[in-house]
Amino acid sequence: YLLCAAGDFVKMYSLATEETLRLMGGHADRVTGIQLNPRNHMQLYSSSLDGSIKLWDFMDGIPIKTFSVGPKLLALYALASCEDSVFVIIPKSGERDTFQLVSVKLTKAAGQDVEAKELSLVLDGVDASPKHIAFGREGEYVASVKELNLQVYFFKQKQLNRFSVSATKTKGGNNHFTCIACHPTEDCIATGSADGKIRLWRNFYHKKEYTFSTLHWHHDTVMDLAFSIEGTSLLSGGVESVLVLWHNESDCQKDFLPRLGSPIEYISVSPDGALCCTLHADNRITIVNSNLRFSKSIQGLIKSADVKTGIVVDPRTKALVLNGEPGHLQFYCLQSDQQLFSLDIVQRQYIHQAGLNQADLVKVAFSAQGKWLATVEEREEVTDPELQLKLWFYDEETQSFKLNTRINMPHEDHITDMCFRDMDELEDYSLILVTTGRDCVFKVWVMVEDTDPEAQQSVSWSCDFVGSYHNYQAANCCFSEDGSLLAVSFEETITVWDSVTWDLKCTFCHPPGKIRNICFGRLTCSKYLIGATDCGFLCCWNLLSCALEWSAHLNILVLQPDPLSEYIAAVSWLSKESSLFVFKPNEPRPIYIQRNLCKEKIQLAAFVPRDEPEMIGSEKYLWLRRSQLFFLTDTQELMTLSTKSLEDRLTPSSKQLAVEESLPVTPFSLLLGKHRRQQSQEDTGLGKLVVQNKNEQDSPAVKELLHTPAHVLPSASFLCPIFINSLLISKENKSAEEVADEVEMESEKTEDDSDEERDVTEMEQEDTSPMELLGEMTYKLSKSQEKELRKIRKIDYSWISAF
Amino acid sequence: QVIPGHESRSVEALCWGAGGRLFGAGLSGEITEYDLGQLRASCSLDGGGGPIWSMAANSSGTQLAIGCEDGSVKLFQVVPGGIQFERNLDRRKGRVLCLSWHPSDTHIAAGSIDAFRVLDVCSGQTLQRIMVSYQVQKVKRECVVWSIAFLSCGTVVTSDSFGRVQFWDWERGTLVESHTVSTSAVLSLAVSEKEDSIVVGTSTGATYQFQLLPVKMGSLEKRWVRTKPFQHHTHDVRAVAHSSTALISGGLDAQLVIRPLMEKIQKKSYDAALRKFTFPHRRLVSCARKAHLLLFQFSQHLELWRLGSTDETGKDGEVLPLRRMPEHLLQLKSKGPEHIYCSCVSPCGGWVAYSTASRFHLYRLQYEGDGISIKKVPKAPKLLSPAYQLQFSSDSSSLFVASARGSVHVLQLLEPGGCRHLHTLRPPSGCSEAVYLLAPSADGHWLAAVSGDWVIHIYNLKCFKHHCTVPTYDCAVSALAIHPDTNNLVIAYSDQQLFEFSIPEKQYTAWSRTVQNCGLHKGWLERDSPITHITFNPKNPSHILLHDTYMFCVLDKSLPLPDDSALLLNQSTLKQLPESARQRQLHAFKICKKFQPLLFADLLDGNCLVVVERPIMDIKIQLPLPVQRKKFGT
């Protein structure tokens, strides 16, 4: 089994099947370190930022004990030689950014929750990263690195030796230490530094006659080091994505495992020495044999540096499609939380080097049936960008996309938007692709039959029409539902073109402000064209009358129509929070408003069609019946809206079943207690829930947000005002005109003890009719809450007045 | 000091015998003893086994073992006045490239191609023969054991052409440890006296240190660990030595590097700095001040150049156009296989003298317009021993020849081309070592001579009598000169001390005493290379011009000496200061580091300073190509 800390959870993977076997949740904050119990290999210690250490039986997934320590625990180490204590890194009280290593005595008192307040200082002035401390042979000494200094503390002699290396600054960086590892049987410390050198220190019990040798292969920071179990070899990894195996500490004998895909963050060796695994920056675990052969990989949604393509839904597989590995397109299945496949678009070797401009994928579009895929890649150059438009054909035989046409420099400048004409019923040859570019034109590409008899394919793509408008830069393009009209936005103006004759039909504009997004209405609302400008207006034009139907003052960032219904989702960004509005173009009133969706800017959104329409009782969620809405924020969190009410979800989640499906595969830490930040936030209100799986560095996948673990619910005191608020709003609904079901989204962390959470769970499960209960609770409304309410009401009115 | 080379006599191995005797052996097949006093080969004996590849002395220095081309190891006894063949040890096929005695003198390890042997000294038998060959995919390649060391614990350390340093248990014939340090050959190896550290030199120019370190704290199990790499050379490191505080390495790139081991040195001092020696600390260039000629000494020939000149003047930093290009006047090839030891051109440019180990030559040069004619001076006196230094008097009327046993011969030069031995100056108390530095005074009255025992004798040339001896200072004299006006002798020692000695008063001058009381600047004392030449500014008697390999310095005696807190190299900062502040900041040492490496600097008459630079790149392009290494990022 492979254990790994992911967010608030500890995950257990099977090495045989790469499946997530178990998810152990219980910490209220991010898990910072995990260690196998050195005396019982079926038990696991985990530490968390919430200041507690938990002992787990990971085979059954049961927490055995909880030791509450108090301060934030930043890393955890357990030693076989120290019977009843573990070592943790805590922040030094009263000082910022200074940390100390302390040993915590774990009392053997009975009971599940034990206080462990007996701390004794071991080392002062250590670094916060768990990679900066290592325990030596049989726990005789502890070594810590910080910046340019190496400290070694011998437990028996109580002797502290400090060594430092002189700073060298090259233009690439410095030589600060980045990681440390200790030889398991000999007195040898390996340190890695930011300039790529690995130093092997020996004889360090003498203050003066210490000596070190240097291994240098990495050209950039050494991210992690690990000795093999016997200590005969040393593994190192860095941004080169190459795992290096050094034999016998020799500079000349080394083996490589290259092309691991992305920078190596952590390396861990299994206790039997047969396997080692590397953890990558793009959210992946690679398992490697002891003879340095690639064995398996555990991966979920690949995190890429920048999601330039947006999230697009593949019509064929219903998978989310977005940037994956550099130059690759990943197809990510939301239902199974798996990457379906990765399509290499750029087809060039990726070189890991800072400052090197690499060609990357910027735009993706699918035809309606998913038969054609268009991609745009560009290489960022200051003077002239290198652009390529590629068209891929889905090959039924190989079940993959095949390159059909490659067009070099389709536009003179960056391509801003691209879309296919979505016409389900028409045959292939009516497919049209439109690209807009900053070179002030939009181009129409059509399929032509290949006249060349030697050509292997029957069709290829070529340019059919080039349109421009007053030499403005073209920004967006969009086909109407029946494909007869094309809307192209040129800075402040939207132009509508006949897609058969390519005549300019009419123009719309809503000065001031450039058009940011446009889309046509669908089904019953297909006569409407929606546009959002960057000075904060959402406009709806009637295409029949060519007149402005309505407009609203909203700073819309994302405009996303549901392909299966007439609803359009718009995400606005106002005063540092994102809000969601869902509306039908034919009426200026939104159907659904979700204020304060999250604190981050939402950059992308996509409707994913459901396999079968869901039965939704509440009228407010009718728009979610056929599709599900997903958001990607600029910190690369993936979120969704759920329709199920709270108690529906509590039942499965309290059993902790199927929970792992709702979590992103964030295999950040392995047995050695390595971690990554992941927070699971959830907010409740009148039976709605948003699960945010927040990840600092990668975009987690949310497949089934509905299964929210009960134990991570906020406390009762926290839930109360929300319930009361919502109740009041419903009353207002009757009295006042229409007040949107206002939901206060609380994105604060749930910082409660698991015990309290359990109570909450029980409480929630008891009330079968929450409305009744809440009704009884109204009298508890305090004055302060009333004030809050009034404030909310003000906000609401201001918004309504915008219409 | 330099023992001049001999073309047919290459030196493959050097070792010290008992009583500080130096022996060398080479591919000529001869073992040569060098007379360190007279700086020449004193006696040589044919080894009788073809070219000698290696030689090692036993721990007491009484026996020499040589390894020959024919695979034999021969023992020689060091006897007073020479060496004596003792016996042959067991002969096997394959040249013996390296030898090492066991510290107890009972066994010898001998490395050859693909194998090394351990020989018993008493019986002469081969006790063990161990193959070190190396198989790569069934293609057997020759593995050369370049260097070997026998440790007292019975471990034999070998270094071979595959870049491996291997540790063998010779009795069992097993490999204990093997370290691959390089992809190219490991050529040399040296063990420290305590046998806890080994230094090896490779053909890539890198040297590595191995240390014997305990595996665990407090445990007795120890292991050799490769620790520090040093890259000071660009070419093969042919020889390494391990002193108690430093690693010394020398190689094909003609550099000698002393790398101190920081952990062995208690305090930061002169010893704690890395030293690199590229050039011999000798005068290889001489200058005819009046005729504007430069004479360059090479190992087998001399070159005479006339300096170019210009009419223009310019500001600091400008390069002026030349009116007349420098002109190569003469190339003088020495006869015979011996190398030129010293040479000199007279100030008027009319005489050139040079000396090899056995012969002395004097030439008369005559200039006819642009042409030049050279005539060998006949009947040059047969000097008893070779000349160690040559110096013309400032009026070009006489030549001083430094000779063995502390004597200086004075030759009178006669027109149109003759010479006469005038006198031989000898130190009153006698001296066994040769004179290696001479300094005549400008008025022709005095001559200072330094012999190998570092005693400076001053002679009166008017009456050819010994005048006085400068008080002895326990350090080698690196340069000396007599001031033209005051007849003060300025002496620079190799520990960077400066003294001024008044010849007429036979005592140190007041300035010299102040220097000694105040002490010189720390930065000055910690410089790498010694002063190799001293000259004076005739316009300003308080100016002394000194130079070493990396800088030249105008020492102004009228200005205060800098204390340790002041900046020694202050010329660039002074330029930026206003006039008043500059006056306060001035100190006696005005150093210019513009020309590096500096071979020679001298003042010509007429306000000219001639500086000879020898760019290291010029030397390097004459060397064989270094081992190619890929440098990352290029």
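The values are calculated or read from the model by the stated rules, or taken from the named source; none is laboratory data. Nothing here was measured: the structure is a model prediction, and the numbers come from that model. Cβ placement follows ideal geometry from the backbone for every residue including glycine, while neighbour counts extend to all protein chains displayed.
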So, of the residues in segment A:86-109 that are assigned to a strand (DSSP E or B) and surrounded by fewer than 18 Cβ atoms within 10 Å (Cβ to Cβ), which turns out to be nearest to the chain's Cα centre (by Cα)? A:PRO91
Just for strands (runs of 3 or more DSSP E) wholly inside segment B:118-197: which have at least 3 residues that are within 32 Å of the chain's Cα centre (by Cα)? B:145-150, B:155-160, B:186-191
When you check B:VAL165 against the structure, is it within 13 Å of chain A (Cβ to nearest Cβ) and in contact (Cβ under 8 Å) with a residue 24 or more places away in the chain, yes or no? yes
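Residue by residue, here is whether (1) among the hydrophobic types (A, V, I, L, M, F, W, C); (2) more than 33 Å from the chain's Cα centre (by Cα); (3) crowded, with 19+ Cβ neighbours inside 10 Å holds:
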| position | (1), (2), (3) |
| --- | --- |
| A:GLY467 | no, yes, yes |
| A:CYS477 | yes, no, yes |
| A:SER489 | no, no, yes |
| A:TRP497 | yes, yes, yes |
| A:CYS506 | yes, yes, no |
| A:GLY513 | no, no, no |
What single numbered condition from (1) crowded, with 18+ Cβ neighbours inside 10 Å; (2) more than 11 Å from chain A (Cβ to nearest Cβ) fails to hold for B:LYS194? (1)
Taking only segment A:47-64 into account, find how many residues are buried (at least 22 other Cβ atoms within 10 Å of the Cβ) and in a strand (DSSP E or B). 6
Going through segment A:1-27 one residue at a time, which ones are over 14 Å from A:ASP57 (Cβ atoms) and not in a strand (DSSP E or B)? A:GLY7, A:ASP8, A:SER14, A:LEU15, A:ALA16, A:THR17, A:GLU18, A:GLU19, A:HIS27
State whether the residues of segment A:6-13 include one that is β-branched (Val, Ile, Thr), over 19 Å from A:SER129 (Cβ atoms) and out of contact with any Phe, Trp or Tyr (no Cβ under 6 Å at 6 or more places or on another chain). yes
Only listed residue being surrounded by fewer than 24 Cβ atoms within 10 Å (Cβ to Cβ) and touching a residue at least 12 places away in the same chain (Cβ under 8 Å), chosen from A:CYS82, A:CYS4: A:CYS82
Of the criteria (1) within 11 Å of chain B (Cβ to nearest Cβ); (2) surrounded by fewer than 21 Cβ atoms within 10 Å (Cβ to Cβ); (3) in contact (Cβ under 8 Å) with a residue 24 or more places away in the chain, which one A:TRP201 fails: (2)
Exactly one condition in (1) in contact with a Cys (Cβ under 7 Å, 6 or more places away or on another chain); (2) more than 13 Å from chain B (Cβ to nearest Cβ) is false for A:SER193; which is it? (1)
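Yes/no matrix, rows are residues, columns are (1) at pLDDT 85 or above; (2) in the same structural domain as B:CYS153 (by the TED database); (3) of a type outside the set (S, T, N, Q):
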residue	(1), (2), (3)
B:ALA239	yes, no, yes
B:LEU247	yes, no, yes
B:GLY250	yes, no, yes
B:GLN255	no, no, no
B:GLU263	no, no, yes
B:GLY317	no, no, yes
Restricting segment A:515-539 to residues that are among the hydroxyl-bearing types (Ser, Thr, Tyr) and closer than 18 Å to A:ARG589 by Cα, which is surrounded by the fewest Cβ atoms within 10 Å (Cβ to Cβ)? A:THR524
Of all residues in segment A:110-119, which are among the acidic types (Asp, Glu) and either part of a strand (DSSP E or B) or surrounded by 15 or more Cβ atoms within 10 Å (Cβ to Cβ) (or both)? A:ASP113, A:GLU115
Of the conditions (1) more than 14 Å from chain A (Cβ to nearest Cβ); (2) crowded, with 19+ Cβ neighbours inside 10 Å, B:MET131 fails just one. Which one is it? (2)
Restricting segment A:125-151 to residues that are within 14 Å of chain B (Cβ to nearest Cβ) and surrounded by fewer than 23 Cβ atoms within 10 Å (Cβ to Cβ), which is modelled with the highest pLDDT? A:GLU140
For segment A:175-185, check the following and say yes or no: at least one residue is within 11 Å of chain B (Cβ to nearest Cβ), within 23 Å of B:THR207 (Cβ to Cβ) and in contact with a strand residue (DSSP E or B) (Cβ under 6 Å, 6 or more places away or on another chain). no
Name, by its number, the condition in (1) without any contact (Cβ under 8 Å) to a residue 60 or more places away in the chain; (2) at negative phi that does not hold for A:SER290. (1)
Which condition number does A:VAL313 fail, the rest of (1) modelled with pLDDT of 80 or more; (2) closer than 30 Å to A:LEU243 by Cβ; (3) buried (at least 19 other Cβ atoms within 10 Å of the Cβ) being met? (2)
Qualifying residue in segment B:175-195 (condition: of a type outside the set (S, T, N, Q) and touching a residue at least 60 places away in the same chain (Cβ under 8 Å)): no
Would it be correct to say that A:VAL122 is assigned to a strand (DSSP E or B), in the same structural domain as A:GLY231 (by the TED database) and surrounded by 14 or more Cβ atoms within 10 Å (Cβ to Cβ)? no
Segment B:201-215, residues that are free of Cβ contacts under 8 Å to residues at least 60 places away in the same chain and either away from every other protein chain (no Cβ under 13 Å) or among the hydroxyl-bearing types (Ser, Thr, Tyr) (or both): B:GLY201, B:THR202, B:THR207, B:TYR208
Residues of segment A:207-221 satisfying the condition of being at the interface with chain B (Cβ under 8 Å from one of its Cβ atoms) and in contact (Cβ under 8 Å) with a residue 12 or more places away in the chain: A:TYR210, A:PHE212, A:SER213, A:THR214, A:HIS219
Do you know which of the residues in segment A:229-265 that are of a type outside the set (A, V, I, L, M, F, W, C) and under 21 Å from A:VAL152 (Cα atoms) is farthest from the other protein chains (Cβ to nearest Cβ)? A:GLY231
Is it the case, given these coordinates, that B:ARG527 is of a type in the set (Lys, Arg), assigned to a helix (DSSP H, G or I) and out of contact with any strand residue (DSSP E or B) (no Cβ under 8 Å at 6 or more places or on another chain)? no
Going by the conditions given, is B:SER299 within 23 Å of B:ARG614 (Cβ to Cβ), modelled with pLDDT of 80 or more and exposed (fewer than 14 other Cβ atoms within 10 Å of the Cβ)? yes
Answer yes if at least one residue in segment B:229-251 is within 9 Å of chain A (Cβ to nearest Cβ) and out of contact with any helix residue (DSSP H, G or I) (no Cβ under 7 Å at 6 or more places or on another chain), and no otherwise. yes
When you scan segment B:386-477 for strands (runs of 3 or more DSSP E) that lie fully inside it, which ones turn up with 2 or more residues that are within 28 Å of the chain's Cα centre (by Cα)? B:389-392, B:398-402, B:408-414, B:435-440, B:446-451, B:456-460
